[in-house]
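The values are calculated or read from the model by the stated rules, or taken from the named source; none is laboratory data. The structure displayed is predicted, hence computed values, not measured ones. Methodologically, a virtual Cβ is constructed for each residue, glycine included, from the backbone with ideal geometry; neighbour enumeration extends over all protein chains shown. What goes into the accessible areas is simple: the full protein's heavy atoms, side chains included, and nothing from ligands, DNA or RNA. Shrake-Rupley method; radii C 1.70, N 1.55, O 1.52, S 1.80 Å.
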Amino acid sequence: MKTVKAILSYVDHRPWALPRAQWTYYQEWNRALFLHWKVPERQLSKLVPTPLLLDTYNNEAWVTLVAFTMERIRPKGLPAVPFLSNFHEVNIRTYVRSGDKPGVYFLSIEASKSLSAYTARMLSGLPYEPATILRQGEAFQRYASTNTNRHFHLDASFTIGKKELNKSALDLFLTEKYCLYMEKEGSLFRYDIHHQPWELLQIEQINLDINYRVGELDILEKPDLVHYSDGVKVIAWDKVLAGT
């Protein structure tokens, strides 16, 4: 409980106030690798539901692959169940807005445990699917993921560097988002989240083999920007209709 109170007490960095409703889930996004690409807006706009607007930075559209370990996810008032609550995840997201609330929209989400993927998909409605995901190392790390159903492949080996002391406006645009959007049965929903600011570290060296295709969008090349973070502790709320 002290952890939750500490998270909720720090709000100066948020672009809008915390939801008035009671939060529903606690979770941790740990040991996160961020790979960011500038992409053609024409290709990306076809993948985003019509009610949402693409959110661009200096008129450039971006997608981000985040590979991390989800840990201790639990409903409010209940304990985490490690065999279900802890798993590796790889997601690809882009940046959108509805009204005055910028957020993310997931193009794909993969989890390392089939049961966790199924449970997350049923409870949240987000497009979780199972994949084989491996994470190794400490200072020198490796993330490897294979999704045979969609022929997705990631193999990233990298060395973690120094703390990013002066985060740029682009760094903040790509990492500090406090809601996600989801379309279901013709309706657009928003999930609000809250966490303290990401502490970003530099990546000194990275070897990358990647092959993702979503619609007309191919993610095959070296990213335009990379980050690493030890992680954040996250509070989440139930979904609401976007615009409320």
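Within the stretch 135-145, the set of residues being free of Cβ contacts under 8 Å to residues at least 60 places away in the same chain, surrounded by 13 or more Cβ atoms within 10 Å (Cβ to Cβ) and either part of a loop (DSSP other than H, G, I, E, B) or touching an Asp or Glu at 6+ places or on another chain (Cβ under 9 Å) (or both) comprises ARG142, ALA144.
Per-residue answers, yes or no, for (1) closer than 16 Å to ARG135 by Cβ; (2) under 19 Å from the mean Cα position of the chain (by Cα):
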position: LEU47; (1), (2): no, yes
position: PRO51; (1), (2): no, no
position: LEU54; (1), (2): no, yes
position: VAL63; (1), (2): no, yes
position: ALA80; (1), (2): no, no
position: PHE83; (1), (2): no, no
position: PHE87; (1), (2): yes, yes
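Residue count for the stretch 174-206 satisfying the condition of being under 20 Å from SER229 (Cβ atoms) and in contact with a Ser or Thr (Cβ under 9 Å, 6 or more places away or on another chain): 12.
Before we move on, is LYS5 of a type outside the set (S, T, N, Q), more than 22 Å from LEU174 (Cα to Cα) and outside any loop (DSSP other than H, G, I, E, B)? For LYS5, the condition - of a type outside the set (S, T, N, Q), more than 22 Å from LEU174 (Cα to Cα) and outside any loop (DSSP other than H, G, I, E, B) - is met.
Among the residues of the stretch 46-74, those identified as modelled with pLDDT under 95 and open to solvent by 60 Å² or more (accessible area, probe 1.4 Å) are LYS46, THR50, PRO51. I want to confirm something. Restricting to the stretch 82-100 and keeping residues that are open to solvent by 40 Å² or more (accessible area, probe 1.4 Å) and part of a strand (DSSP E or B), which single residue is nearest to GLU183 (Cα to Cα)? Among them, the one singled out is ARG97. Here's a check for you: in the stretch 146-167, which residue that is open to solvent by 50 Å² or more (accessible area, probe 1.4 Å) and free of Cβ contacts under 8 Å to residues at least 40 places away in the same chain is nearest to ASN30 (Cα to Cα)? In this case the residue turns out to be LYS163.
Working only within the stretch 58-81, note down all residues that are in a strand (DSSP E or B) and under 30 Å from SER45 (Cβ atoms).
Within the stretch 58-81, GLU60, ALA61, TRP62, VAL63, THR64, LEU65, VAL66, ALA67, PHE68, MET70 qualify.
Every condition in (1) among the charged types (D, E, K, R); (2) assigned to a strand (DSSP E or B); (3) under 29 Å from GLU71 (Cβ atoms) holds for LYS38 except the one numbered (3).
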